[in-house]
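Enquirer: Encoded as structure tokens, here's the structure I'll be asking about.
The values are calculated or read from the model by the stated rules, or taken from the named source; none is laboratory data. Remember, it's a predicted structure, so these values are computed and weren't measured experimentally. Heads up, the Cβs are rebuilt from the backbone with ideal geometry, glycines too, and the neighbour counts pull from every protein chain shown.
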Amino acid sequence: MGGANLFGNVEFWKDAYRLKRGEAFIRLTFHRVTPPQEYKASPVEDRQKYESDIRARFEKRLGGSYMDVEKMAAEASKKYVEDIRGAALKYVPLMALGLAMITFLLNFALLNTVSRTMPYDAIQMIRAQTSSDSARKEVEELQSANRDLRRQLDDLRATVQKMLPSATSGAKAPTRESKSK
């Protein structure tokens, strides 16, 4: 190559790897550039120092995370999760409040519409049916309690009959029907 020192630095993975002269790579091309006619080159101090400075600046510019897919993906996903969490903390309570308000307004509107469209007699009939249903249920509960109390009274009478002396065995204990006479 005519005595020119040509070099290349390739970094397509997380660890830097410097190509050596003669190593093969997918596509690496070098072009000879001819300087312009008026170009005056600065004096060359030390070629190796100059090349090492250029390499150091190049490597510094690429950074430590160049092509480190795992690190970049972790940073991106962390930022994404933080963004989603921040948005959720802002908007979820607002959506819940909005949903509660919409529910309240819909219930209010429905009750208002139903009360205006239903005839007053139908409303009274529904109220009477509801109250008669509750009264019927209460009557059934009272009748059930009455039956239980009657059974208990009959059991007590039988127990008293057994405890009375045999002399009065011919006499019966007073019953509810005999008291009412």
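Enquirer: Condition first: loosely packed, with under 10 Cβ neighbours inside 10 Å and in a loop (DSSP other than H, G, I, E, B). Can you find one or more residues in the stretch 45-56 that meet it?
Expert: Yes.
Enquirer: Among the β-branched types (V, I, T), out of contact with any Cys (no Cβ under 7 Å at 6 or more places or on another chain), surrounded by 10 or more Cβ atoms within 10 Å (Cβ to Cβ) and closer than 30 Å to R18 by Cβ: which single residue out of V114, V69, V92, V81 fits that description? Outline the logic, then answer.
Expert: Values: V114 fails: closer than 30 Å to R18 by Cβ; V92 fails: closer than 30 Å to R18 by Cβ; V81 fails: closer than 30 Å to R18 by Cβ.
Selected residue: V69, the only one of V114, V69, V92, V81 that is among the β-branched types (V, I, T), out of contact with any Cys (no Cβ under 7 Å at 6 or more places or on another chain), surrounded by 10 or more Cβ atoms within 10 Å (Cβ to Cβ) and closer than 30 Å to R18 by Cβ.
Enquirer: If you don't mind, another one. Return yes or no: is T34 exposed (fewer than 10 other Cβ atoms within 10 Å of the Cβ), among the polar types (S, T, N, Q), modelled with pLDDT under 75 and not in a helix (DSSP H, G or I)?
Expert: On the way: exposed (fewer than 10 other Cβ atoms within 10 Å of the Cβ): yes; among the polar types (S, T, N, Q): yes; modelled with pLDDT under 75: no; not in a helix (DSSP H, G or I): yes.
Judged against the criteria, T34 is not a match.
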